[in-house]
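A short worksheet on the structure shown next.
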Amino acid sequence: MKKLLDFVGLPVFAGVIIAVALLFLFPQLRQPSFFQFNSQQQVEQQGPASYSRAVRIAAPGVVNISTSQKRNFRDHPLLNDPLFQQHNNIRNNSPLGSGVVASEDGYILTNYHVIESANEIQVQFFDGSTEYAELVGTDPKSDLAVLKVNKENLKPLQVRRSEEMQIGDVVLAIGNPWGVGQTVSQGIISATDRGLKQLSPYTYFFQTDAAVNPGNSGGAVIDAYGKLVGISTAILNNQNATGISFAIPADYAMYALDDIVQYGYVVRGWLGFGADRLSAAAAASGGLVSNDGIFVTSITPGSPAEQAGLQLGDYITSINDIPLSASNPAPEQATSRLRPGSLINIDFIRQGQAMKTVLQVGLLRPDED
């Protein structure tokens, strides 16, 4: 037994001596908060318990937009509210919406419907300062507008690629709802790649359940780390619908901004054919496996589609190797970022036979649909 105690006791004694030495050499180890901090750090690594850091990063890049002109708003989902309509004809800096700082040299993105018909546009920044803005250009087809202000030390938001976003990702909407001042609401991405032709046939939308109200238009939708995900654009105009709002993906909005600044309009590819969806029953009666494609209903004479050999009744299943589906059915959206002159592959079915063709993209003129 004595030998056993000697064998065990020596290491224990040595360990106590080492522990005491460490406490003298490193006094911070004597503080309980040291271990509490490490425990808290592990919790934070599992996910953000607060989104305050994201808001601090992004909030300085979101602005409020107003005009000094009497306005009569057109019918728009974000403006179709009886309470808001009471204020439609206010003069002298009536709050209209929000905007996002897109560059350090003063470019600002907002919605077209926010500044439509405005003579003077005033921008209020996070620090409370205001500047009059120049309207650089607009793109009504995607409900986007680009403004320019002369102001230093602007803080543009970092953009996150739309394909990185997934259903269930946390997002925050920052804007100026009802003119009360900058406000933040929280939700998730409810759906991606929403094709809404009544809003725009040329871009997809994120659907979110973050609270969005009149005045949020043109404001930022950010992720949990303060990166710009989208531009708030519309809410579902239905009195029975709650928590359904839509945002233009930020990378598409930046693409549109670059074109507007460089060319004065958004450069879009043009295919030159009209198409429609088939019902599942119609697809089955035609011997098709599914109705995930589009049915060619018209072809413009001399168009890229005619030159590529497409015909009425062709059933297109993919464009540029991107399969068409219920959530991705529109050729305008599938090709809106392709530059004129680029070549795309089209897979289609004609009279039950799978076929392919190569189409050279044309230019959709700004004044054309």
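How many residues are closer than 26 Å to Asp259 by Cβ, open to solvent by less than 60 Å² (accessible area, probe 1.4 Å), hydrophobic (A, V, I, L, M, F, W, C) and modelled with pLDDT of 85 or more if we restrict to the stretch 348-369?
Residues flagged as closer than 26 Å to Asp259 by Cβ, open to solvent by less than 60 Å² (accessible area, probe 1.4 Å), hydrophobic (A, V, I, L, M, F, W, C) and modelled with pLDDT of 85 or more within the stretch 348-369 amount to 2.
When both residues are 6+ apart or on different chains and their Cβ atoms are under 9 Å apart, which pairs have a first residue that lies in the stretch 249-273 and is on the phi > 0 side of the Ramachandran plot, and a second that is charged (D, E, K, R) and open to solvent by 40 Å² or more (accessible area, probe 1.4 Å)?
Gly272/Glu306
Do we find a residue being in a strand (DSSP E or B), modelled with pLDDT of 70 or more, among the hydroxyl-bearing types (Ser, Thr, Tyr) and more than 21 Å from the chain's Cα centre (by Cα) anywhere in the stretch 332-347?
Scanning the stretch 332-347, I find no residue that is in a strand (DSSP E or B), modelled with pLDDT of 70 or more, among the hydroxyl-bearing types (Ser, Thr, Tyr) and more than 21 Å from the chain's Cα centre (by Cα), so the answer is no.
Please specify each residue of the stretch 207-220 satisfying the condition of being open to solvent by 10 Å² or more (accessible area, probe 1.4 Å) and within 11 Å of the chain's Cα centre (by Cα).
Gln207 - this is the single residue of the stretch 207-220 that is open to solvent by 10 Å² or more (accessible area, probe 1.4 Å) and within 11 Å of the chain's Cα centre (by Cα).
Across the stretch 180-198, what is the total count of residues that are open to solvent by 30 Å² or more (accessible area, probe 1.4 Å) and part of a loop (DSSP other than H, G, I, E, B)?
Counting residues in the stretch 180-198 that are open to solvent by 30 Å² or more (accessible area, probe 1.4 Å) and part of a loop (DSSP other than H, G, I, E, B) gives 4.
Would you confirm whether any residue within the stretch 245-268 is within 21 Å of Ser342 (Cβ to Cβ), within 16 Å of the chain's Cα centre (by Cα) and of a type in the set (Ser, Thr, Tyr)?
Yes.
Looking at (1) within 25 Å of Asp258 (Cβ to Cβ); (2) at pLDDT below 85; (3) surrounded by fewer than 20 Cβ atoms within 10 Å (Cβ to Cβ); (4) of a type in the set (Val, Ile, Thr), which is the one condition that is false for Thr203?
Going through (1) within 25 Å of Asp258 (Cβ to Cβ); (2) at pLDDT below 85; (3) surrounded by fewer than 20 Cβ atoms within 10 Å (Cβ to Cβ); (4) of a type in the set (Val, Ile, Thr) one by one, Thr203 breaks only (3).
Residue under question is Gln307, and the condition is that it be of a type outside the set (Asp, Glu), at pLDDT 90 or above, under 23 Å from the mean Cα position of the chain (by Cα) and open to solvent by 70 Å² or more (accessible area, probe 1.4 Å); does it hold?
When the stated conditions are applied, Gln307 does not pass them.
Evaluate the following for Val296: is it at pLDDT 90 or above and part of a strand (DSSP E or B)?
yes
Restricting the search to the stretch 165-179, which residues are within 11 Å of the chain's Cα centre (by Cα) and in a loop (DSSP other than H, G, I, E, B)?
Result: Met165, single match.
Condition first: among the small types (Gly, Ala, Ser), surrounded by fewer than 24 Cβ atoms within 10 Å (Cβ to Cβ) and modelled with pLDDT under 90. Can you find one or more residues in the stretch 239-248 that meet it?
Within the stretch 239-248 (the criterion being among the small types (Gly, Ala, Ser), surrounded by fewer than 24 Cβ atoms within 10 Å (Cβ to Cβ) and modelled with pLDDT under 90), the answer is yes, since at least one residue qualifies.
Given the conditions (1) of a type outside the set (Asp, Glu); (2) open to solvent by 60 Å² or more (accessible area, probe 1.4 Å); (3) modelled with pLDDT under 90; (4) not in a loop (DSSP other than H, G, I, E, B), report the number of the one that Val289 does not fulfil.
(4)
The values are calculated or read from the model by the stated rules, or taken from the named source; none is laboratory data. As the structure is a computational prediction, the values presented were derived from the model and not from experiment. Virtual Cβ from ideal backbone geometry, glycine too; neighbours counted across all protein chains shown. These accessible areas exclude ligands, DNA and RNA; they are computed on the full protein's heavy atoms, side chains included. Shrake-Rupley method; radii C 1.70, N 1.55, O 1.52, S 1.80 Å.
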